[in-house]
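*Asks:* So that we are looking at the same thing, I have put the structure below in structure tokens.
The values are calculated or read from the model by the stated rules, or taken from the named source; none is laboratory data. Keep in mind the model is a prediction, meaning the values are calculated, not measured. All Cβ positions, even for glycine, are placed from backbone atoms using ideal geometry, and neighbour counts span all protein chains on display.
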Amino acid sequence: MPFRETSRTVHVLSHGSKLCLMAAGLLLVLAGYVFLSGIQRSSSTANPAPFLCQSAANPPTEAFPKSACGYLNRNRRYQAISYVVAALIVGGGGIMTFGSTSREELGGQPADDEV
């Protein structure tokens with residue numbers, strides 16, 4: 001049975017690139033947690049009753065919770081954005097630094113007239 005020679009180029013990420021992408025994925029999970037998790041603030045040191053400031057994704061809209069929470073929601077939003085930027089830097093930098101490897105694979109297929 002005659003075979004026709006075929007080849008293809010396979011690109012595979014290096015181990016360093018894979019580790020950087022995994023770290024970037026964990027940073028993205030952390031960014032999502034910081035953005036979506038609730039924020040508690042103690043009202044005072046004498047009476048440490050917790051006050052819920054909702055989350056960075058859903059900040060309070062009424063006047064009293066806004067004044068009690070201050071800039072906590074905005075700071076958490078900026079913190080989540082910085083984690084996303086760090087994930088992009090780690091992932092992109094890892095791929096640029098470690099790159100990928102490519103190899104040529106040879107294989108045979110049955111000739112068309114024999115099939």
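*Asks:* I'm trying to understand the selection: among the residues of the range 100-115, which are loosely packed, with under 10 Cβ neighbours inside 10 Å and either at pLDDT 60 or above or in contact with a strand residue (DSSP E or B) (Cβ under 7 Å, 6 or more places away or on another chain) (or both)?
*Replies:* Of everything in the range 100-115, those that are loosely packed, with under 10 Cβ neighbours inside 10 Å and either at pLDDT 60 or above or in contact with a strand residue (DSSP E or B) (Cβ under 7 Å, 6 or more places away or on another chain) (or both) turn out to be Ser102, Arg103, Glu104, Glu105, Leu106, Asp112.
*Asks:* Applying the selection to the range 59-87, what residues are in a helix (DSSP H, G or I) and either within 17 Å of Gly16 (Cβ to Cβ) or more than 19 Å from the chain's Cα centre (by Cα) (or both)? Step through it out loud before you land on a result.
*Replies:* Narrowing the range 59-87 to residues in a helix (DSSP H, G or I): 63-69, 72-87.
Answer for the range 59-87, where residues must be in a helix (DSSP H, G or I) and either within 17 Å of Gly16 (Cβ to Cβ) or more than 19 Å from the chain's Cα centre (by Cα) (or both): Ala63, Phe64, Pro65, Lys66, Ser67, Ala68, Cys69, Leu72, Asn73, Arg74, Asn75, Ala87.
*Asks:* From the list Ala57, Ala86, exactly one residue is modelled with pLDDT under 95, surrounded by 12 or more Cβ atoms within 10 Å (Cβ to Cβ) and among the hydrophobic types (A, V, I, L, M, F, W, C). Which is it?
*Replies:* Within the list Ala57, Ala86, the selection yields Ala57.
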